[in-house]
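Worksheet: the structure to be examined is printed underneath.
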Amino acid sequence: MTTGLLGLAREGLLLALALAAPLLIAALVAGAFTAIIGAVTQVRDPALGLAPRVAAVAVAVVAAAPFIANQMVAFAARALALVAEVGRGTGT
């Protein structure tokens, strides 16, 4: 495996973390908020925490969609260029 492919794999893993971060943060914030509300009101219904988290993640997907799309397109372009280089035998 070439160093270029190893770098691409590393970049892909870091990109996956960066693209998942806004969604995970939205779920974390919504979960913490519903936990505080549940503790204050002493409501122990599991559905109380699920609906706000799903809504928060949906809003985060809509808000982060342009960023996610741009990052994925740029990564795909770099990956395809590297694949072409490796196919020609010029990849490092």
Between THR3 and ALA35, what is 0.36 nm times their sequence separation minus the Cα-Cα distance? Round to one decimal in nm. 6.9 nm
According to a simple spin-label model (label point 7 Å from Cα along Cα-to-Cβ), what is the distance in nm between VAL86 and VAL59? 4.1
Inter-label distance for ALA69 and ALA16, nm, one decimal - labels placed 7 Å from Cα along Cα-to-Cβ: 2.4
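Give me the percent relative contact order of the chain, please, defined on Cα pairs under 8 angstrom at least 6 residues apart. If you can, show how the numbers build up before the last one.
Values: 41 pairs, mean separation 37.8, N = 92.
That works out to 41 percent.
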Just to be sure I understand the model, the point goes 7 Å from the Cα along the line to the Cβ. What's the resulting GLN42 to LEU28 distance in nm? 3.2
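How big, in percent, is the set of alpha carbon pairs in the stretch 3-88 lying more than 18 Å apart?
On the way: 2104 of 3655 pairs.
I get 58 percent for the Cα pairs in the stretch 3-88 exceeding 18 Å.
Only four residue types carry charge here, +1 at the Cβ of Lys and Arg and -1 at the Cβ of Asp and Glu. Report the dipole size of the chain about the Cα centre in Debye, rounded to the nearest 20.
On the way: 5 positive and 3 negative charges, 9 e Å.
It comes to approximately 40 debye.
Coordinate-derived values only; no laboratory data. It should be emphasised that the depicted structure is a prediction, and the values quoted were computed from it without experimental measurement. Positions of Cβ are generated from backbone atoms using ideal geometry, with glycine treated the same way; all protein chains shown enter the neighbour counts.
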